[in-house]
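The numbers here are math on the coordinates, done by the rules we state, and not lab data. This structure is a prediction, so every number in the text was calculated from the model and none was measured. All Cβ positions, glycine included, derive from the backbone under ideal geometry; neighbour counts span all protein chains shown.
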Amino acid sequence: AAGVIQSPRHLIKEKRETATLKCYPIPRHDTVYWYQQGPGQDPQFLISFYEKMQSDKGSIPDRFSAQQFSDYHSELNMSSLELGDSALYFCASSLDPGSYNEQFFGPGTRLTVL
Amino acid sequence: DAKTTQPNSMESNEEEPVHLPCNHSTISGTDYIHWYRQLPSQGPEYVIHGLTSNVNNRMASLAIAEDRKSSTLILHRATLRDAAVYYCILRARDDKIIFGKGTRLHILP
């Protein structure tokens, strides 16, 4: 079965650079979520989109922005990178938002900021 | 957001049942109880969810207390592959997942 695809899987950037992470949801899934997991930490919700509109916002820094495109893939844009942005970034997708719907997580993008 | 309390870690022997407890005394009537797990170096993975009644699926069972202030995830026959961090999560009307600390489950061969 098709799963959530994230690219790239690994990314190394310098401080103050920008990064773009991509997420391709499971086919027919219209809702995408982004989570950040720092070293030794639990995943933290950043932002979500439903039908290409932002549906919820968590602890996402102002330096980050995201959008969902017409084909439902999503991109997380990160600017002025800081050392503390080094983390695993997970994307998840679901079919319709809602508390009863399972979220399917991708394998994550490991971002290292030097 | 309503909070959950789980043991930091648990151990179990391979091929034995495992009962992972979760307390959620401030749960509201519309909160669903979800369990996700995260295997090493992987993204979180859905395990099971329920509202009031006990639930079974191919991965696990979820036993929910009558007052809904606690629940237990049951793995009927643990394997080494079940070693992971297990998260008990309350989800309200909105759809995001708020991860707590979780229980790190160790499986002993």
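Brief remarks follow.
- Take every pair of alpha-carbon atoms less than 8 Å apart whose residues are at least six positions apart; their mean separation over the length of region A:12-94 yields a relative contact order of 42 percent.
- Percent RCO, i.e. relative contact order, over chain B, from Cα pairs under 8 Å lying at least 6 residues apart: 37 percent
- Placing one equal scatterer on every Cα of region B:62-109 and applying the Debye formula, the log10 ratio I(q)/I(0) at q = 0.18, 0.20, 0.26 Å⁻¹ is -0.73, -0.85, -1.09.
- Once Rg and the Kirkwood radius are both taken over the C-alpha atoms of region A:44-90, their ratio Rg/Rh works out to 0.97.
- Extreme residue, positive dipole direction of the protein assembly as shown, given options A:P61, B:Y86, A:L11 (C-beta unit charges): A:L11
- Note: the protein assembly as shown, Cα convex hull, 120 Å³ per residue.
- Evaluating 6.51 cos²θ - 1.76 cosθ + 1.60 at θ = phi - 60° for every residue in region A:82-94, the Karplus couplings come out as 10, 4, x, 7, 4, 5, 8, 10, 9, 10, 9, 9, 8 Hz, glycine and proline recorded as x.
- Top of A:P27, A:P43, A:P61 by mean-square fluctuation, Gaussian network on chain A, Cα under 10 Å: A:P61
- The charge dipole of chain A, taken about its Cα centre with unit charges on the Cβ of Lys, Arg, Asp and Glu (plus for the first two, minus for the last two), comes to roughly 320 debye.
- Interchain or long-range residues, amide H under 5 Å from A:S55's placed H: A:S48, A:F49, A:Y50
- Globularity index of region A:62-114, i.e. its alpha-carbon radius of gyration over 2.2 N^0.38 Å: 1.34
- Ratio Rg/Rh [Cα only; Rh per Kirkwood] for chain A: 0.95
- Rh by Kirkwood over Cα pairs, then Stokes-Einstein D for region A:1-48 at 1.306 mPa s and 10 °C, µm²/s: 124 µm²/s
- At 1.306 mPa s and 10 °C, Stokes diffusion of chain B via Kirkwood alpha-carbon radius, µm² per second: 115 µm²/s
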